[in-house]
Amino acid sequence: MTTYRPRIVDLSETQPNRRRGGDLRAMLTPSAVGATSGFMGMALVRPGERIGEHYHPYSEEFVYVVEGALEVDLDGETYSLRPDQGLMIPPYMRHRFRNVGNTQARMVFHLGPLAPRPELGHVDTEGTETGAGAAATGERTSAAPPERTEPVS
């Protein structure tokens, strides 16, 4: 059995990821801290910016809005999110976020369980204006969900 020691990760230690829109910072990940059940990060979204539509075939996504005014589309239905609100997004549910306020939005996200391989954990269903999208990373870009399978034990 492997034992990991607690590790504090500062946002400034993470690299910006703008491929899907917004500034997504993966902070507590398997490679960074040895996480085995999921990963956590922070999304920084400027006014008028969005995180492109996608879904996670293996994971639930939990989000918590720290500051700012966001809208989220869940399978095409729009909801408002404000500070101190949380949301759980089930596997396979298409979702995108938009900053509809005048200040930067900050949103904590956690996904779990982990996909069998990192490249299987995120499926883009649209591109964004701010980045090259999944085509440059070799990730799936098909809008159709893959056939559902039983979870890997």
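The values are calculated or read from the model by the stated rules, or taken from the named source; none is laboratory data. Quick caveat, the model's predicted, so the values are computed rather than measured. A quick note on method: Cβ atoms are made from the backbone with ideal geometry, for glycine too, and the neighbour counts reach across all protein chains shown. The area values use the complete protein model at the heavy-atom level, side chains included, leaving out ligands, DNA and RNA. Shrake-Rupley method; radii C 1.70, N 1.55, O 1.52, S 1.80 Å.
Conditions first: (1) without any contact (Cβ under 8 Å) to a residue 24 or more places away in the chain; (2) open to solvent by less than 20 Å² (accessible area, probe 1.4 Å); (3) aliphatic (A, V, I, L, M). A26 passes all but one, so which condition is the exception?
Unmet condition: (2).
If a residue must be over 20 Å from L114 (Cα atoms) and not basic (K, R), how many such residues does segment 3-59 contain?
17
Criterion first (at negative phi, modelled with pLDDT of 95 or more and crowded, with 19+ Cβ neighbours inside 10 Å) does M107 satisfy it?
Values: at negative phi: yes; modelled with pLDDT of 95 or more: yes; crowded, with 19+ Cβ neighbours inside 10 Å: yes.
Taking the combined requirement at face value, the residue satisfies it.
Please verify whether segment 133-147 includes one or more residues that are surrounded by 15 or more Cβ atoms within 10 Å (Cβ to Cβ) and modelled with pLDDT of 50 or more. Write out each step before concluding.
Residues of segment 133-147 that are surrounded by 15 or more Cβ atoms within 10 Å (Cβ to Cβ), as a first pass: 133-134, 137, 139-141, 145.
From the residues that got through so far, the ones that are modelled with pLDDT of 50 or more too are none.
No - not one qualifying residue is present in segment 133-147.
Name every residue in segment 36-91 that is surrounded by fewer than 15 Cβ atoms within 10 Å (Cβ to Cβ) and within 16 Å of the chain's Cα centre (by Cα), in order of residue number.
Residues satisfying the conditions are S37, V66, L74, D75, G86, M88, P90.
In segment 113-120, is there at least one residue being assigned to a strand (DSSP E or B) and open to solvent by 40 Å² or more (accessible area, probe 1.4 Å)?
No, there is no match, as no residue in segment 113-120 is assigned to a strand (DSSP E or B) and open to solvent by 40 Å² or more (accessible area, probe 1.4 Å).
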